[in-house]
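Engineer: Below you'll find the structure I mean.
The values are calculated or read from the model by the stated rules, or taken from the named source; none is laboratory data. As the structure is a computational prediction, the values presented were derived from the model and not from experiment. Reconstructed Cβ throughout: ideal geometry from the backbone, glycine too, with neighbour counts over all protein chains shown. Only protein heavy atoms, including side chains, enter the accessible area calculation; ligands, DNA and RNA are left aside. Shrake-Rupley method; radii C 1.70, N 1.55, O 1.52, S 1.80 Å.
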Amino acid sequence: MTHAGNPFGQVLVALVTPMTADGEVDWPAVEKHIDDVITAGADGIVVTGTTGETSTLTDPEKLRLVEVGKSVSAGRAKIITGGGSNETAHAIELYKASEKAGADGIMIVTPYYNKPTQAGILTHFRLVADATDLPVILYDIPGRTGVPIRYETILRLAKHPNILAVKDAKGDFSEVSRVLNQTDLMYFSGDDANVLPHLSIGAVGLIGVTANITATPYRTIVDAVNRGDLAAATAAHKSLEPLVRATMTHVPGTVSAKYILHGLGRISSPRVRLPLVGPEEWEAALIEDELALVSGVPGADFSNFRPDRNAAAGGALPKVHGTTR
């Protein structure tokens with residue numbers, strides 16, 4: 001169940017966008033996958049985020065993913081739209097349109113590539129948050145954006161009435177504790193390996209890639225932490241470790257998650273859009289070696305796992321290109 005005052009959920013899946021072999025969005029597979037992860041225990045879905053290949057989705061595709069998510073979830077999970085833009089004006093228009101499409105919340109990533117100053121980051125987030133009535137999650141991932149949201153900037157942003165949470169992929173636990181002590185912001189773990197450590201210091205939930213494969217153990221971890229059962233949470237965390245390592249270590253999480261889901265027969269193709277490509281032979285072998293160590297993880301039965309390295313090879317050029325504007 002969602003914490004009181006939490007409009008996002010606790011077990012959020014950073015949803016992959018299933019595609020056909022030629023790189024077009026596979027809409028029936030999107031519907032099925034959303035239903036699968038909700039059935040497995042997710043109470044929030046982040047569409048069009050990093051894992052959803054937001055960089056190469058068109059704006060119409062992003063908005064349709066919100067609409068499909070709302071339709072399939074039918075109130076069972078919150079639909080959060082991620083991605084945004086490194087152009088403030090475009091981000092504002094995209095999030096306005098997402099609100100009209102039915103999104104329950106928005107996740108705003110730090111502007112990437114531009115490398116703005118903290119003043120620029122502050123202004124970007126404030127203007128986007130001003131433009132919508134939806135609750136906002138700030139996405140702090142300097143490994144991808146090139147710049148962190150600094151502690152002082154987070155404190156200033158916490159004063160905005162629409163900014164309620166942070167997805168932390170920075171891994172500075174002491175900073176998380178400081179912000180939690182000094183603001184009312186909610187924190188979501190943005191690093192699959194650090195979900196339990198984040199929860200143990202006060203995070204409210206997670207936004208996870210590995211949860212595409214199985215959200216059930218994350219539901220177990222969150223529910224155990226909610227009731228103060230550290231032993232149960234730790235046991236689930238330990239059993240998940242090989243699966244997290246398989247998904248998050250060797251290739252981008254989007255690539256490995258699709259490779260694994262396809263091998264399980266849950267999506268029709270492991271295709272990603274260029275410049276992402278499927279795992280090379282040696283990378284696929286490493287993923288499969290890690291999966292061989294997975295045991296006793298609810299929702300992750302690899303006894304019939306049938307990976308197809310040929311289907312995963314390369315990447316696709318879609319018929320209509322995405323846009324940064």
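Engineer: Hey, among Arg273, Arg266, Arg306, which residue is at pLDDT 95 or above, basic (Lys, Arg) and under 30 Å from Ala89 (Cβ atoms)?
Structural biologist: One residue alone meets the criteria, Arg273.
Engineer: Are there any pairs, at least 6 apart or on different chains, whose C-beta atoms fall under 8 Å, with the first in the range 145-171 and free of Cβ contacts under 8 Å to residues at least 40 places away in the same chain and in a helix (DSSP H, G or I) and the second open to solvent by 30 Å² or more (accessible area, probe 1.4 Å) and among the polar types (S, T, N, Q), and if so, which?
Structural biologist: Glu152/Gln118; Thr153/Gln118; Leu155/Gln182
Engineer: Further question: Given (1) out of contact with any Gly (no Cβ under 7 Å at 6 or more places or on another chain); (2) among the charged types (D, E, K, R); (3) closer than 21 Å to Lys258 by Cβ, where does Arg76 come up short, assuming only one miss?
Structural biologist: Every condition holds for Arg76 apart from (3).
Engineer: Going by the conditions given, is Pro252 open to solvent by 10 Å² or more (accessible area, probe 1.4 Å) and in contact (Cβ under 8 Å) with a residue 12 or more places away in the chain?
Structural biologist: yes
Engineer: Further question on the same structure: Look at the range 301-313 and say how many of its residues are loosely packed, with under 15 Cβ neighbours inside 10 Å and touching a residue at least 40 places away in the same chain (Cβ under 8 Å). Can you show your working first?
Structural biologist: As a first pass, look at the range 301-313 and keep what is loosely packed, with under 15 Cβ neighbours inside 10 Å: 301, 303-304, 306, 308, 310.
Next, only the ones that are touching a residue at least 40 places away in the same chain (Cβ under 8 Å) stay: 304, 306, 308.
Of the residues in the range 301-313, 3 are loosely packed, with under 15 Cβ neighbours inside 10 Å and touching a residue at least 40 places away in the same chain (Cβ under 8 Å).
Engineer: Select, from Val46, Val68, the only residue that is out of contact with any strand residue (DSSP E or B) (no Cβ under 6 Å at 6 or more places or on another chain) and under 21 Å from Ala257 (Cα atoms).
Structural biologist: Val68
Engineer: Could you check, for the range 31-42, whether at least one of its residues is surrounded by fewer than 24 Cβ atoms within 10 Å (Cβ to Cβ), modelled with pLDDT of 95 or more, in a loop (DSSP other than H, G, I, E, B) and not polar (S, T, N, Q)?
Structural biologist: yes
Engineer: Ok, one more. Take the residues in the range 84-100 that are without any contact (Cβ under 8 Å) to a residue 60 or more places away in the chain and open to solvent by 20 Å² or more (accessible area, probe 1.4 Å), then tell me which one is farthest from the chain's Cα centre (by Cα).
Structural biologist: So the residue we want is Ala89.
Engineer: Got a number for residues in the range 1-51 being farther than 21 Å from Val222 by Cβ and small (Gly, Ala, Ser)?
Structural biologist: 3
Engineer: Also: Return the residues of the range 261-294 that are touching a helix residue (DSSP H, G or I) at 6+ places or on another chain (Cβ under 7 Å) and not aliphatic (A, V, I, L, M); say none if nothing qualifies.
Structural biologist: Once the filter is applied, which keeps residues that are touching a helix residue (DSSP H, G or I) at 6+ places or on another chain (Cβ under 7 Å) and not aliphatic (A, V, I, L, M), the range 261-294 yields His262, Arg266, Ser268, Ser269, Pro270, Arg273, Gly278, Pro279, Glu281, Glu290.
Engineer: With Pro298, Pro279, Pro242 as the choices, which residue is on the phi < 0 side of the Ramachandran plot, open to solvent by 60 Å² or more (accessible area, probe 1.4 Å) and modelled with pLDDT of 95 or more?
Structural biologist: Checking each option against the conditions leaves just Pro298.
Engineer: Something else: Mind telling me which of the residues Ile80, Ile106, Ile121 ends up being crowded, with 21+ Cβ neighbours inside 10 Å, part of a strand (DSSP E or B) and without any contact (Cβ under 8 Å) to a residue 60 or more places away in the chain?
Structural biologist: Ile106
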